[in-house]
Amino acid sequence: MVINNRTVSLVEYRTDRNWLDQLPQWGWLCVLVTEEKRRTYADEVVAKLLLRDVAWVCSVGAAGEWVHDLLDEEIVFREVEALYLPPHDVMTTWHDDVEECLWFALYAACDEAVLLEHVAVLDMTQGAALPAIKAYLETLAAAQSK
């Protein structure tokens, strides 16, 4: 699905599958949907998003603010310790509402260093959030085609 010239993909985080291969490698924004504060899983996701050169991470859900703070802390840690970071600044936001987060990711987020061509929605809710996400994306796509 393409909305506002950005390809949208839905990726489900699972420990028994290689979800990382489903993420883009450049020119992308991650909408990270998370409901639980599970540090082990969050650490894995944060590290892999940075290794995949994500440009923006917009977190949403009950643990959205927490994972946003965790990502910001990881970026600072990597700067201080001279560990790998993408060659551009990584922007982070957190949102209370999934529809507002998706709208922001598709229409408002922009970057001077990276052309954002892809929005990957990374669902860490074991699929619980996917029906609402899909419905809203279909609404946006239908409105765009009018």
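Expressed as a whole number of Å, what is the distance separating the alpha-carbon centroids of segment 33-75 and segment 104-146? Centre-to-centre (Cα) distance: 17 Å. Three principal axis extents describe the C-alpha atoms of the chain; from largest down they are 50, 33, 27 Å.
Of the chymotrypsin sites (Phe, Trp or Tyr not before Pro) in segment 1-45, which ones lie in a loop per DSSP and count no more than 16 other C-beta atoms within 10 Å?
Numbers: sites: Tyr13, Trp19, Trp26, Trp28, Tyr41; in loops: Tyr13, Trp19, Trp26.
Those satisfying the criteria are Trp26.
Relative to the Cα centre, the charge distribution of segment 59-119, modelled as +1 at Lys and Arg Cβ and -1 at Asp and Glu Cβ, gives a dipole magnitude of about 180 debye. On the beta carbon distance between Glu117 and Asp21, with R0 = 22 Å, the FRET formula returns roughly 0.75. Sorting the Cα pairs of segment 83-134 by distance into bins of 5 Å, from 0 upward, gives 4, 14, 25, 23, 16, 11, 6, 0 percent per bin. The spacing between segment 1-24 and segment 82-98, judged by their C-alpha centroids, is 17 Å. Ranked for footprinting exposure by Cβ neighbours inside 10 Å, fewest first, Asp72, Asp96, Asp21, Asp123 give Asp21, Asp96, Asp72, Asp123.
Dipole of the chain computed with +1 at Lys/Arg Cβ and -1 at Asp/Glu Cβ about the Cα centre; of Val80, His118, Trp94, farthest Cα towards the positive end is His118.
Let me know the charge dipole size of the chain about its Cα centre in debye, to the nearest 20, where only the beta-carbon of Lys, Arg (+1) and Asp, Glu (-1) is charged.
Details: 11 positive and 25 negative charges, 109 e Å.
In debye, rounded to 20, the chain gives about 520.
Ordering Thr139, Thr93 from the fewest to the most neighbouring beta carbons within 10 Å gives Thr139, Thr93.
Rounded to the nearest 0.05, what FRET efficiency do Met1 and Val80 have when you use their Cβ-Cβ distance and R0 = 30 Å? Before the final figure, lay out each step's value.
Working: r = 39 Å, r/R0 = 1.31.
My answer for the efficiency is 0.15.
Taken together, the values in this text are just the output of simple stated rules run on the coordinates, not laboratory data. Because the structure is predicted, anything quoted here is derived from the model rather than measured. Ideal geometry is used to build each Cβ from the backbone, glycine not excepted, and the neighbour counts take in all protein chains shown.
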